[in-house]
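See below for the structure under consideration.
No lab work stands behind these numbers, since they all come straight from the coordinates. Predicted, not measured: the structure shown is a model, and the values here were computed from it. FYI the Cβ positions are ideal-geometry reconstructions off the backbone, even for glycines, and counts take in every protein chain you see.
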Amino acid sequence: MVPGSRLLKLVAYDRKRHRLRGLKMVNSLSKLALRSDPEVDVEKTKLCGLDTGVFTPKTLLSDRVLLYLHGGGYAVCSWETHRSMIEAICKYSGMKCYAINYRMAPKHPFPAAVEDAAACLIHLMDEIGPEKACIGGDSAGGGLAFAALMKLKELGKPMPVKAFAFSPWLDLSVPMFDEAGDPHEDPMLDPQAVKVWANRYLNGYHSQHPLASPLYGDTKDLPSFLIHVGEREMLLDEAVNFTAKARESGVDAHLRIFPDMVHVFQLMHMLVPEAKESLKEIAEFISGQ
């Protein structure tokens, strides 16, 4: 167990109820409690003009490269808040990863994030080839990964070989929540906060615009993908519906639901066994191992 993880475990993870106590707190504590993985080198650079973390495992097992998009409601967080989780994916997959700080609302609302993600993915594919490129993300970053793929289709660009998402935000119309709140009682996100984040990001665009809400986009010709969500996931229904829609359009689409888990539980991979299992399965999927 890493230094500080006892505090993280006691404060952020309610073992009796088997749940996390809040995404903002988990992110803040993770920066203090989770040290860098010595098996992964991290350097700071620029990709398409964006602040970017380059993660390189000391043991390279695959020539594929991952573009990772962090979550945070299109308004908060960065690749640094998600550093520990990205390091784990790189270590387990043996793949190099570029994690970008795409532009965020309210200063840079939709479609800035989509433009950034698509531009970076195109740049990587131009360098290494589509057959060696993968894309993934969590929460808003997971939805953004699929939005970027749809943007590539719009531009007539080739698709990367694999895609994945943890708890992707795929429907910014937030249709499943009423005044009663979240039907799955996910402690990681507040339904009212999600509505605020959606409105700030959309900035006047329709909430069902396919590049903001990929659930309403054309899933045909998307690359093979794998989504991991928790059974108590606030965004469970849209992940299920998106996967079903993709399968109907002929996509090799896969979904795994983890019993009793919540929104982006993978952030706590140092504490929660299911989180570590999820990261390892995703790593195997994208690396072709």
Length gain on complete extension for the stretch ALA244 to THR56, per 0.36 nm per residue less the alpha carbon to alpha carbon distance?
-> 64.3 nm
GluC sites (Glu not before Pro), restricted to the stretch 184-242: which are DSSP loop and have at most 10 other Cβ atoms within 10 Å?
-> GLU185
With +1 on each Lys and Arg Cβ and -1 on each Asp and Glu Cβ, how big is the dipole of the stretch 5-287 about its Cα centre, in debye rounded to the nearest 20?
-> 760 debye
Between GLU154 and LYS276, what is the spin-label point distance in nm, taking each point 7 Å from the Cα along the Cα→C-beta axis?
-> 4.2 nm
